[in-house]
Amino acid sequence: MINIKSLTMLYKNGRGVNNIELSVEDGEVKGLLGPNGAGKSTTMRSFMGFLNPSQGTLSVNGINTLNNPIQAKKIIGYLPGDPQLPENLSSKKLFKFGAESRGVSINYALELAEKFELDINETLKKLSKGNRQKTALILAILHKPKAMILDEPTSGLDPFHQRTFFEIIHEYAKEGTSILLSSHIISEVEKGVKSIAVIKQGSKIYDESFKSFSEQAKKNNKTLEDAFFEFYERETN
């Protein structure tokens, strides 16, 4: 289970997140939505201990991620919003290093690469943005984590491989993995999440099941995107 309580992280310019409350149950896939700059990445980076929030209790499966970062990261699969990977290495070599550092076999990473139709022998500098994203995704989950924090995981993926991605995380969810993934496009997550939380200017303004949001949009004869934009513009922090 992923738990975020009273998270506040403010930058010198006054932006950041304020009093964020989020939870992701075992086996749940939750989408964290909002435009760029809303606070999605700040929330995720704070959870992973890459930022030092002024307040908040952050835990995964009962482990405080700030007080016990090494122990917590062993069971978390984390994908940053802008993965920085060495361009002179092939995906296969990165998977080998990643598997060795985690003490696991490379076989699962190779299995995922096959599902994503990824050429693992090309160096990253020769790969498209989508194939680099596939590489980063596989690196994030090759140790079969108990929880996932994925910042815009579908970025750069074509619709076919977005589908592959959601098929993979649904298998994890069936096994009880807690998954928090961010996006600024609601249509990208509509087939993949059980619930959504929305952040606006650093504050959470919505946290309900995706089904209830979808049904309300349908009731109002709105597309999901139109309903989301209208809701977002209407709501105040």
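What to note about this one:
- For the chain, the 222 nm mean residue ellipticity estimated from helices alone, with every DSSP H stretch of n ≥ 4 adding -39500 (n - 2.57) and the total spread over all residues, rounds to -11000 deg cm²/dmol.
- Contact order normalised by residue count of the chain, Cα under 8 Å, 6+ apart, percent: 27
- A compact globular protein would have a Cα radius of gyration near 2.2 N^0.38 Å; the ratio found for the range 1-49 is 1.17.
- Each residue of the range 27-38 is assigned a 3J(HN,Hα), and the resulting list reads x, 9, 10, 10, x, 9, 10, x, x, 4, x, 6 Hz, derived from the Karplus form 6.51 cos²θ - 1.76 cosθ + 1.60 (θ = phi - 60°), x at Gly and Pro.
- Exceedance of the 32 Å cut-off in Cα-Cα distance is limited, within the set K134/K219; K73/K204; K74/K194, to K134/K219.
- Angle between the chain longest axis and helix 224-234 axis [Cα atoms, degrees, rounded to 10]: 50
- Checking the cross-link pairs K191/K218; K92/K174; K125/K191 against a 25 Å limit on the alpha carbon distance flags K92/K174; K125/K191 as lying beyond it.
- Antiparallel bridges, percent of DSSP beta bridges restricted to the chain (to nearest 5): 55
- The alpha carbon radius of gyration of the range 82-185, expressed as a multiple of 2.2 N^0.38 Å, is 1.01.
- When K30, K74 are sorted by how many other C-beta atoms sit within 10 angstrom of their C-beta, beginning with the fewest, the order is K74, K30.
- Values of log10 I(q)/I(0) for the chain across q = 0.18 Å⁻¹ run -1.41, by the Debye formula with one identical scatterer at each alpha carbon and no solvent.
- All Cα pairs of the range 128-187, percent lying beyond 20 Å: 19
- Here r is the Cβ-Cβ distance between Q216 and H170 and R0 is 22 Å; the resulting FRET efficiency, rounded to 0.05, is 0.35.
- Prolate is the label for the range 146-237. Its Cα gyration tensor axes, ordered a ≥ b ≥ c, give a/c of at least 1.5 and a/b above b/c.
- The range 1-108: C-alpha gyration tensor shape, a/c 1.5 cut-off, then a/b vs b/c: prolate
Read-outs throughout are calculated quantities, based only on the coordinates presented, and are distinct from any laboratory measurement. This structure is a prediction, so every number in the text was calculated from the model and none was measured. A quick note on method: Cβ atoms are made from the backbone with ideal geometry, for glycine too, and the neighbour counts reach across all protein chains shown.
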